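Engineer: What follows is a single structure, and I will ask about it in a moment.
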Amino acid sequence: MRVYIALLLAALVSCGFSGTLRAQDNAREEAARRQAVLKTLPQDAARRLFGQAGTPSPAPAQVYGFYSKGCVAGAVELAADGPTWQVMRPSRNRAFGHPALIGFIERIAAGAPAAAGWPGLLVGDIGQPRGGPMLTGHASHQTGIDADIWLTPSPARRLAVGERDNLSATNVVAGDSNDVDPARWTPSHHRLLRYVASQPEVARIFVNPAIKKALCREADGSRRWLSKVRPAAGHNYHFHIRLSCPRGNAGCRNQEPPPANDGCGKDLDWWFSEEARRPRRTPPPPPLRLADLPPQCGAVLKAQ
């Protein structure tokens, strides 16, 4: 039992879950949460320092560290509007990533209509301008190679800024959390996740366990792509894309590869157990300081 609890906690941290994560908070709720957090953080907390950096560092693009303990130099911003995507929650200023990730999002957005019957992506949080720990939510998304994609297809019209900051995504999980909601889950959801997971750059995709269950049940033909789709708490409104370290980024540290099997057996069943749904509460870890991050992150933060 203790082993399973340890695995659960490791999975939550690695996929970016945080007790303060509120992906669907609107602009007012997010602003209030930020102010509350700032009142409690030490002055040298990395969340405070990176959370208040408003622009990328003027340096060649480089990833430093791990997904949940690192930063990114030379990040670029995903355009708010593209032919097949729209950026959501713009007031958060979290549409920044390594150029490899931004190019990847643009490419899968362009391919999704034909590959999945998905009209366009609504893009949630990517990362802060210089990466690092976020002021609110997300233990990961620190190195510019994680991104959240809403499980809501982009509408035919362009959403106004106010709509993007306040609309909620679609919850595709049933109320009892045992399966997807058949009134909201569609074949296009399945095809989109299979399409994205099949891309070679993708290291993992995190989804709600109920979504993983549906994918396991519905998959036909090759099931190799399912190994990259990992169950994680939350993730019922969006899925989380994690890329492998881009080439030429020696300071970037990859996560261990997922198991080679499809992940549809006993490991998935555990996520629906009482043990998984009611894990033992533990005190939150102390906030990361700048000194806890790779040494290059100090230079990334200070670069003008």
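The values are calculated or read from the model by the stated rules, or taken from the named source; none is laboratory data. Computed from a predicted structure; not experimentally measured. All Cβ positions, glycine included, derive from the backbone under ideal geometry; neighbour counts span all protein chains shown. Ligands, DNA and RNA are stripped out before the accessible areas are found, and what is left, the full protein with its side chains, is counted by its heavy atoms. Shrake-Rupley method; radii C 1.70, N 1.55, O 1.52, S 1.80 Å.
Engineer: Taking the condition under 30 Å from Ala174 (Cβ atoms), modelled with pLDDT under 95, of a type in the set (A, V, I, L, M, F, W, C) and in a loop (DSSP other than H, G, I, E, B), does Ala276 pass? If you could, list the steps in order and put the result at the bottom.
Structural biologist: Working: under 30 Å from Ala174 (Cβ atoms): yes; modelled with pLDDT under 95: yes; of a type in the set (A, V, I, L, M, F, W, C): yes; in a loop (DSSP other than H, G, I, E, B): no.
Judged against the criteria, Ala276 is not a match.
Engineer: Arg164 - would you say it is touching a residue at least 60 places away in the same chain (Cβ under 8 Å), over 24 Å from Ala203 (Cα atoms), more than 13 Å from the chain's Cα centre (by Cα) and part of a helix (DSSP H, G or I)?
Structural biologist: Values: touching a residue at least 60 places away in the same chain (Cβ under 8 Å): yes; over 24 Å from Ala203 (Cα atoms): yes; more than 13 Å from the chain's Cα centre (by Cα): yes; part of a helix (DSSP H, G or I): yes.
Judged against the criteria, Arg164 is a match.
Engineer: Looking at Gly54, Gly132, can you tell me which residue is more than 26 Å from Tyr195 (Cα to Cα), open to solvent by 10 Å² or more (accessible area, probe 1.4 Å), assigned to a loop (DSSP other than H, G, I, E, B) and not hydrophobic (A, V, I, L, M, F, W, C)? Before the answer, list the steps.
Structural biologist: Values: Gly132 fails: open to solvent by 10 Å² or more (accessible area, probe 1.4 Å).
None of the other options fit; the residue is Gly54.
Engineer: Could I ask something else about it? How many residues does the stretch 96-124 hold that are open to solvent by less than 10 Å² (accessible area, probe 1.4 Å) and closer than 27 Å to Asp44 by Cβ?
Structural biologist: 1
Engineer: Within the stretch 178-212, how many residues turn out to be in a helix (DSSP H, G or I) and not hydroxyl-bearing (Ser, Thr, Tyr)?
Structural biologist: Taking the stretch 178-212 as the starting set, the residues that turn out to be in a helix (DSSP H, G or I) are 187-197, 209-212.
Applying the additional criterion that residues be not hydroxyl-bearing (Ser, Thr, Tyr) yields 187, 189-194, 196-197, 209-212.
Residues that pass the stated criteria total 13.
Engineer: Tell me whether the stretch 59-80 contains one or more residues that are at pLDDT 95 or above, of a type in the set (Asp, Glu), under 22 Å from Val207 (Cα atoms) and outside any loop (DSSP other than H, G, I, E, B).
Structural biologist: No, the stretch 59-80 contains no residue that is at pLDDT 95 or above, of a type in the set (Asp, Glu), under 22 Å from Val207 (Cα atoms) and outside any loop (DSSP other than H, G, I, E, B).
Engineer: Another question, if that's okay. Scan the stretch 237-254 residue by residue and report those that are of a type outside the set (Lys, Arg), in contact (Cβ under 8 Å) with a residue 24 or more places away in the chain and open to solvent by 40 Å² or more (accessible area, probe 1.4 Å). Before you say what the answer is, go through the steps one by one.
Structural biologist: First pass over the stretch 237-254, keeping only residues of a type outside the set (Lys, Arg): 237-241, 243-246, 248-252, 254.
Subsequent filtering for residues that are in contact (Cβ under 8 Å) with a residue 24 or more places away in the chain retains 237-241, 243-246, 249, 251-252, 254.
Tyr237, Ser244, Asn254 - these are the residues of the stretch 237-254 that are of a type outside the set (Lys, Arg), in contact (Cβ under 8 Å) with a residue 24 or more places away in the chain and open to solvent by 40 Å² or more (accessible area, probe 1.4 Å).
Engineer: Which condition from (1) over 28 Å from Cys216 (Cβ atoms); (2) in contact with a strand residue (DSSP E or B) (Cβ under 7 Å, 6 or more places away or on another chain) is the one that Asn254 breaks?
Structural biologist: The number of the failed condition is (1).
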